[in-house]
Amino acid sequence: MVVKRFAELSTPLVADACVRLGVELRAAPAGVAGVVPGSRVAGRVLPVRHYGSVDVFLEAYGSARPGDVLVIDNGGRVDEACVGDLAVLEARAAGVAGLVVWGLHRDTTELLEIGLPVFSYGSLPLGPVRLDDREPEALATARFGPHLVDAGDVVFADADGVLFVPAARLDEVLESAAGIARTERVQAERIRSGDTLRRQTSFDRYLERRAADPAYSFRQHLRQVGGAIEE
């Protein structure tokens, strides 16, 4: 299960794994954060586009699989909140594991009480007063910043932000992320024990090599010495 495998990882580790494997980096714009402190969620993307009415969410819930994460495209709008307590309660009733919103939420007090992970740009008391024409892709894809996601993607969200990974690359990305995590834990413990990161990474040797070859990067050096800092 994705949630279980993500439990010991983080979005930075998943992002570093994507870099290492050549998987396209698709992160939500900065500022999308959990309503409930410490929230984490991972699951298959359940995409939906918002046009001013909650009906599109209710329709999406009809095709939800347990553990799906509702990814809401509200165009990054900050002039209206597109999701509140009733939509979130209904999401939980449908087996949805959480919501990730490219926009705003409201009913913060109630959302904190419900406890289901909700990620958004923040809160606003105003609900939508518009009703736009619905697109054919309303339940097929969702835009999130510059990215287009669908049910073939998996979403990860935690205190560092939101990341999308193709489901077809999921196993190798999580395996790589777990390997990076193990390496970083060892490095961190060695630093706490007095073995500096500079010594662990033979940083003086790197500086010497770079002086002789200005094109030699620290990432190349880390791959040789086995460190895991940047990827």
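Between a first residue in segment 92-109 that is among the polar types (S, T, N, Q) and a second residue that is surrounded by 22 or more Cβ atoms within 10 Å (Cβ to Cβ), which pairs have beta carbons less than 9 Å apart while being 6 or more apart in sequence or on different chains?
108/35
Matching residues to (1) outside the structural domain of residue 45 (by TED's automatic domain parsing); (2) within 30 Å of residue 120 (Cβ to Cβ); (3) within 29 Å of the chain's Cα centre (by Cα):
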residue	(1), (2), (3)
181	yes, yes, yes
188	yes, no, yes
203	yes, no, no
213	yes, no, no
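Do any strands (runs of 3 or more DSSP E) lying entirely in segment 66-132 carry at least 3 residues that are closer than 19 Å to residue 148 by Cα, and which ones are they?
Details: elements: 69-73, 81-83, 98-102, 118-120.
Counting at least 3 such residues, we get 69-73, 98-102.
Quick check on segment 17-60: of everything there that is modelled with pLDDT under 95 and either in a helix (DSSP H, G or I) or buried (at least 19 other Cβ atoms within 10 Å of the Cβ) (or both), which residue is nearest to the chain's Cα centre (by Cα)?
This residue is 19.
Determine whether segment 62-76 contains at least one residue that is in contact with a Pro (Cβ under 9 Å, 6 or more places away or on another chain), farther than 20 Å from residue 1 by Cα and either of a type in the set (S, T, N, Q) or without any contact (Cβ under 8 Å) to a residue 60 or more places away in the chain (or both). Before the answer, list the steps.
Narrowing segment 62-76 to residues in contact with a Pro (Cβ under 9 Å, 6 or more places away or on another chain): 69-74, 76.
Cutting the leftovers down to farther than 20 Å from residue 1 by Cα gives us 72-74, 76.
Checking the rest, the ones that are also either of a type in the set (S, T, N, Q) or without any contact (Cβ under 8 Å) to a residue 60 or more places away in the chain (or both) come to 74.
For segment 62-76, residues in contact with a Pro (Cβ under 9 Å, 6 or more places away or on another chain), farther than 20 Å from residue 1 by Cα and either of a type in the set (S, T, N, Q) or without any contact (Cβ under 8 Å) to a residue 60 or more places away in the chain (or both): present.
The values are calculated or read from the model by the stated rules, or taken from the named source; none is laboratory data. Note that the structure is a prediction, hence the values are computed from the model and not measured. Every residue, glycine as well, gets a Cβ built from its backbone with ideal geometry; the counts of neighbours run over all protein chains shown.
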